[in-house]
1. May I ask you to report, in nm to one decimal and beginning with the shortest, the distances from residue B:109 to the same position in the other copies, taking label points 7 Å along Cα-to-Cβ?
2. So if I place +1 on the C-beta of Lys and Arg and -1 on the C-beta of Asp and Glu, and nothing else carries charge, what would the dipole magnitude of the protein assembly as shown be about its Cα centre? I want it in debye, nearest 20.
3. What is the fewest-to-most order of A:88, A:44, A:49 by other Cβ atoms lying within 10 Å of their Cβ?
4. Within 10 Å of each residue's Cβ, count the other Cβ atoms and sort B:27, A:63, A:16 from fewest upward.
5. Placing the label point 7 Å from Cα along the Cα-to-Cβ direction, what are the distances from residue B:78 to the equivalent spots in the other copies, shortest first, in nm to one decimal?
6. Inside 10 Å of the C-beta atoms of B:47-58, what's the mean count of C-beta atoms belonging to other chains?
7. For segment B:1-104, what does the relative contact order come out to in percent, with C-alpha contacts under 8 Å and a separation of six or more?
8. How much space per residue, in cubic angstrom, does the convex hull of the C-alpha atoms of segment A:28-102 take up?
There are 2 protein chains.
Amino acid sequence: MTRVVLRIDFDDKRYIGHGRIELLEHIAELGSIAKAAKAMNMSYKRAWYLADSINGTFAEPVIERQHGGRGGGSAYLTKFGQILVRDYRGMETRALKLFAKPLKHLEMRLAPTKRAHR
Amino acid sequence: MTRVVLRIDFDDKRYIGHGRIELLEHIAELGSIAKAAKAMNMSYKRAWYLADSINGTFAEPVIERQHGGRGGGSAYLTKFGQILVRDYRGMETRALKLFAKPLKHLEMRLAPTKRAHR
């Protein structure tokens, strides 16, 4: 199934892409950066780096963290963080619909795969 | 200046993204995979791997290569290759227009940067 993945480059350093949005969704769901990292098979260090980077991109926080000793405490998305995820996913869904025709056009020209039935 | 970068995932192995389209554009312009690689600061090996991968994605060739001894000979885009680039760039341009409002919304919330005037 074809899907369109968006990356939004604000400038040459700051961007929001699929992996970052997925991390935010996992944090929202699991209430913890450590658990989100684990769910995504990502190192805790990398998840923290990304969380810092996302927070540093905007003038207001996206992720709020509460320290809780070893293991990292809890984390949740701010109202703005929720809007960010919603807007990104909304654009993604709209892109898939809006580009249905050119995507279908390309799909029809894909090479046959070994797995004929999927 | 915010821009939207698209990646089209046909399945879990095959995709077309910004870097691949850029490679195609350079090949179209320069008439050579070696020159395209150089222009993109990419190894020749990597450019060949990508060219093979792009050609293998579709039922018909995207890039035609003519061997010419050391240095790699010439290369050009097929008619389908030109359509692929045009369609991808068309979707990208449309995405930027269509998402102008949510993108503006996010832009307004960006953290101030050190370079105040740009």
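1. With the label placed 7 Å along Cα→Cβ, residue B:109 yields 3.9 nm.
2. 40 debye
3. Ordered from fewest to most neighbouring Cβ atoms within 10 Å, A:88, A:44, A:49 come out as A:49, A:44, A:88.
4. With the sparsest Cβ surroundings first, the list reads A:63, A:16, B:27.
5. Copy-to-copy label distances at residue B:78, shortest first: 5.1 nm.
6. 1
7. Contact order relative to length: 26 percent.
8. Spread over its residues, the Cα hull of segment A:28-102 gives 117 Å³ apiece.
Quick note: the coordinates plus some simple rules give every number you see, no bench work behind them. As the structure is a computational prediction, the values presented were derived from the model and not from experiment. All Cβ positions, even for glycine, are placed from backbone atoms using ideal geometry, and neighbour counts span all protein chains on display.
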